[in-house]
Each structure stands twice: as C-alpha cells, then as structure tokens.
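Structure first, commentary second.
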Amino acid sequence: MTVVLPKGGNVPLPPGTGRVRVVVDSAAGPELDGSVLLLTASGRVRGDADFVFYNQPRSIDGCVAIEERSARQEAVTVDLARLPAEISTVVVAVSTDGQPVGAVRGLHVRVHDAPGAGDLLTPGPEIVRFEVTDAGAETAFVLGELYRRSGRWKFRGVGQGWTSGLAGLATSYGITVDAPPSVADRPPAPAGPGPLPGPAPGRPAAAGTRDPVSMAKAARLEKQLAVAAPAMVDLVKRAGVSLRKKGMSEHRARVALCLDISLSMSALYSQGKVQRLCERILALAVQFDDDGSCDVFTFGGRGHDEGPLDLRNYQDWVAGLRRHRKLEGATNYAKAMGMVRQHYFPDSRGRQRSQPRPDHLPVYVMFVTDGQATDKRAARDQITWASYEPIFWQFMAIGRSSRNVGAGAAASPRRSGLGGLVDRLLESNFSFLEELDEMTGRFLDNANFFSVADPTSIGDDQLFDLLMYEYPRWLTQARAHGLVIGT
C-alpha cells in the first residue's frame, strides 16, 4: 500500500529494501532535469563526483544512476545496500532551464521497490509518494531524500527550492561550479512549515573571493580580539569561515548554551572537554553578536541561569562554574528550555504558546547533554511551544548514537548475544533527541541533532559546519512565517 506523504513527512522503507527506483513525474509545464546528491552526515558531498545529473548520470561506484529521461518523467535507481557507509542521505532534486518550477503541473515523486532490472517506466510496487503543491519561482527544487537512521532507510518529502537553478542547488551542498550565482540571489520563502533538509539562505562565495562587507567585519573582529582575547582569534576566524560558506557572514543572532550538569558529565568537566566546547560556542557567539557574549543555562535536577560567557571570563569559566554549582542527579531538559524561553521572551513565562511571537533577533541555542531526558513529556511541550518563537535548538549528545559524527562515527560490526544487546542499548540512548528533531505538531521544524563520542573528537571546522547545517534553513522559514522580522 502506497504511503502519501505531506510536506516534511517521513516514512521508513520496508525492512530489507535494498534497491529502489525514484520516479519523478509531471503532467504539463516546463521540462525538468533530475539530479541526485550523495551527502555525508555533515550534510555535504565528499566531492564533485557525488553529484549525479545529466552531464554525469552515474555515481563512480554505480550505486546511483539516472536510467531514464523524457520530457515528463525521469527515473533514478539507487542501490541502498551498496552505498558507502559514509553516505547518510540521498537527495533527489529537479531543475528547469530558468522557468519557475511552480509552472509545472502534477509534479510528484514516487519511490518503488526495485529488486532487479526491468522497465523503468513500469517499476516494482510503489512504496511512497510525495506530491508538490506549493512550488513558486524556484528553478531548482528538492523533492525528497532517502536518509539512513539507526541502520534503516527512510524517505522524507522535502519540497524546498532555489531561484538560482542547478548552480545554486549544487553550491549549497558543497559542489564547485564554474560560475557561481549572484550574491543577491536568495532561496525563495517556503509556503508552509515543515522540515527543510535542503538549501540555506545564501551560498558560499566563489573560491578566492570574499564579500567586502564580510572582510570589514573580519578586520574589526580581529582588531577587537587582538586586544581583548588574542587566544580566541584563530577560533573566531574558523567560525567565520563556516558562516561565510552559508552566506551568513553578516547575520546577527543571540546565542545561548545549555549545559548538562548531571553527575554522568563529571569526567567531561574535569578533563577540560566542556571548557573547550564552551570556547568554541563563544567563537560562534562572537561572530553572531557584537556584544561578544553567550548566555549560559545549566540543567540537572533543576535549571539555572549562569549568566554570560564572554571574552573577559571565558578562560576559567568552567572552573568558576564548578566552584559554585554542584553536579546534580537528574537530567531535566525542560527546566533549561523554559528558562531560555523566558529569558529572551519574558511574555512566554516558559509556558504554552500557540501563536507566532516575532522578534528582530533570533536565538540560536546550543544544547549539550550526555543523557536521556527524565522529563520527556515536558521537553516535548517546550520544543512545541518554542516553535512559535524565533528560537532554534541545536542538540549535541555526547555518547554513542546512530547519528555520531567525528572520530569513531563509523559503525562497528554489531556483536552477538549480550554484547549485541549492550550495543543496541547504547545506540538508542539518544532516541529521544532524534524524536525531538523529527517530531510533528510544531509550527516550524526548530531543532536539529547530532552526537559525538567525544566533543574533542571533531575539529573546529567540522563542528562549526555541523552547527550551521540546519539553522540557515530554519531561518528561511522563520523569516517567511514572520517569526524573524527586519533582518
């Protein structure tokens, strides 16, 4: 039985599905060209060879191929079972020769089981379908994506595009193009709420070029840091590079850090790993906000407002925290979530909200934990209510999960017997954070999640890229729906 997805909806593929055909159909309007991008956990390609399109219709390993093209239909074969382990997402997109995708009638994408060869226009049983009903001026459009979660493949209907055509789509995922689109060109506003695993507002600058406004900001920051915090110069520069890739060098936002102070975090604090992480988040805050500070909230059995982390106090900030704050015996996410909401939007009082609450400055929240929430229902409520506010939640778990990145991210063979049971328990330890990332019922998709075995196992550049993976796309939606105004 076919599952018909709403925009942003997702569904797991049947167990054992190893090979699928993704068929793009339209009834009338501009002719479409299909393309596929193979992404790692960072949301970017490994190189230009991971871009499959009309001039490069097959991936190097043959796992993905455009097998059939006509004016109204295109079929792509994806051998999920043979995809390299580092590929976690297969993006399926279309583009036109400059005409709006909104002029295409009857545009939809279908995923079929494909156990073997056959007529691509009459493939195997249809598994899932997503129909595009709200395209506009876009000239490149992500229809959907196949993505790997906990060892199983799912399909999500995306429905998000670019007005800059195939070049804009490609550069947003890390592909090098000969002639980058105009800096003035921006992705169109989405028509409705839902997850956006596609483009970011803006795009990377061409190699060897830098926006003059960004250069002026960089010079100003470097001069300021040379006096106030010379040890932070390199780290702040690295954060700036990641922002520039997303076309966000001049973006302004408030930054908050929510830190787990449960007892299980003790070693991470004593080994200096939390201190190092705080410094990296401060670097992002310096880039986002001219006051050069990050508001810190901690949570364990209770929630605490710890005040600002800034360029004057960062060097021994964690040591100071440990002197006045004992580790606690629970992990209550909602305590900190409610405090963050009330801090930036006092009218919320950290409680229920069901109508949009706009503001000129968004809030970027880095939420760090090594354990499952002990207040899941309250945390779900807080994230749902916060979806009506200009707050984005970036969850980073410290431990093992199906979304690990960095050193140790590659899955090791699962053991049998008791060892296998332990492996499965460890892998599912952060299933609730995955749920918060993907749950329905929110005004906007306002969260993202990844995990690291050790916060020092990923380099600064990779961390900053991960922190900017989904935030720019949320910002596009927040602007379109009036949550962020005037920026």
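The values are calculated or read from the model by the stated rules, or taken from the named source; none is laboratory data. Since this is a predicted model, take the numbers as computed values, not measurements. Heads up, the Cβs are rebuilt from the backbone with ideal geometry, glycines too, and the neighbour counts pull from every protein chain shown.
In the stretch 60-104, how many residues are surrounded by fewer than 14 Cβ atoms within 10 Å (Cβ to Cβ) and part of a strand (DSSP E or B)?
Of the residues in that region, 0 qualify.
Given the criterion over 21 Å from Pro472 (Cβ atoms), exposed (fewer than 13 other Cβ atoms within 10 Å of the Cβ) and either at pLDDT below 80 or of a type outside the set (Asp, Glu) (or both), identify the matching residue among Arg210, Arg220.
Values: Arg210 fails: over 21 Å from Pro472 (Cβ atoms).
Selected residue: Arg220, the only one of Arg210, Arg220 that is over 21 Å from Pro472 (Cβ atoms), exposed (fewer than 13 other Cβ atoms within 10 Å of the Cβ) and either at pLDDT below 80 or of a type outside the set (Asp, Glu) (or both).
Between Gly174, Gly192, Gly202, which is part of a loop (DSSP other than H, G, I, E, B), buried (at least 24 other Cβ atoms within 10 Å of the Cβ) and modelled with pLDDT under 85? Break it down stepwise before answering.
Values: Gly174 fails: buried (at least 24 other Cβ atoms within 10 Å of the Cβ); Gly192 fails: buried (at least 24 other Cβ atoms within 10 Å of the Cβ).
Just a single option satisfies the conditions, and that option is Gly202.
Considering only residues that are surrounded by fewer than 23 Cβ atoms within 10 Å (Cβ to Cβ) and among the polar types (S, T, N, Q), look in the stretch 440-475 and name the one that is farthest from Arg403 (Cα to Cα).
Thr440
Considering the stretch 440-462 alone, what residues qualify as being more than 15 Å from Trp474 (Cβ to Cβ), more than 14 Å from the chain's Cα centre (by Cα) and not in a strand (DSSP E or B)?
Thr440, Gly441, Ala453, Asp454, Pro455, Thr456, Ser457, Ile458, Gly459, Asp460, Asp461
Looking only at the stretch 321-355, count how many residues are exposed (fewer than 14 other Cβ atoms within 10 Å of the Cβ), without any contact (Cβ under 8 Å) to a residue 40 or more places away in the chain and small (Gly, Ala, Ser).
Qualifying residue count for the region: 1.
For the stretch 264-271, indicate whether the set of residues that are assigned by TED's automatic domain parsing to the domain that holds Leu327, in a helix (DSSP H, G or I), more than 14 Å from Thr369 (Cα to Cα) and free of Cβ contacts under 8 Å to residues at least 24 places away in the same chain is non-empty.
Looking only at the stretch 264-271, we keep the residues that are assigned by TED's automatic domain parsing to the domain that holds Leu327, and these are 264-271.
From what is left, the residues that are in a helix (DSSP H, G or I) are 264-270.
Narrowing further to those that are more than 14 Å from Thr369 (Cα to Cα): 270.
The next check asks that each one be free of Cβ contacts under 8 Å to residues at least 24 places away in the same chain; those that pass are 270.
Yes, some residue in the stretch 264-271 is assigned by TED's automatic domain parsing to the domain that holds Leu327, in a helix (DSSP H, G or I), more than 14 Å from Thr369 (Cα to Cα) and free of Cβ contacts under 8 Å to residues at least 24 places away in the same chain.
Select from the stretch 281-305 the residues that are surrounded by fewer than 19 Cβ atoms within 10 Å (Cβ to Cβ) and touching a residue at least 24 places away in the same chain (Cβ under 8 Å) and write down the one among them that is nearest to the chain's Cα centre (by Cα). Spell out the reasoning first.
Here is the first cut: in the stretch 281-305, the ones surrounded by fewer than 19 Cβ atoms within 10 Å (Cβ to Cβ) are 289-291, 301-302, 305.
With the extra rule that they be touching a residue at least 24 places away in the same chain (Cβ under 8 Å), the set shrinks to 289-290, 301-302, 305.
On the way: Asp289: 21, Asp290: 25, Gly301: 29, Arg302: 29, Asp305: 27 Å.
Restricting to residues being surrounded by fewer than 19 Cβ atoms within 10 Å (Cβ to Cβ) and touching a residue at least 24 places away in the same chain (Cβ under 8 Å), the top hit is Asp289.
Tell me yes or no: at least one residue of the stretch 389-402 is basic (Lys, Arg) and either free of Cβ contacts under 8 Å to residues at least 12 places away in the same chain or in a strand (DSSP E or B) (or both).
Checked against the condition, which is being basic (Lys, Arg) and either free of Cβ contacts under 8 Å to residues at least 12 places away in the same chain or in a strand (DSSP E or B) (or both), the stretch 389-402 yields no hits at all.
Which of the residues that make up the stretch 311-320 are surrounded by 15 or more Cβ atoms within 10 Å (Cβ to Cβ) and over 27 Å from Phe432 (Cβ atoms)? I'd like the intermediate steps shown before the answer.
Going through the stretch 311-320, the residues surrounded by 15 or more Cβ atoms within 10 Å (Cβ to Cβ) turn out to be 311, 314, 317-318.
Within the stretch 311-320, Leu311, Tyr314, Trp317 meet the criteria.
Please note which strands (runs of 3 or more DSSP E) are completely contained in the stretch 277-383 and include at least 2 residues that are among the charged types (D, E, K, R) and in contact with a helix residue (DSSP H, G or I) (Cβ under 8 Å, 6 or more places away or on another chain).
303-310
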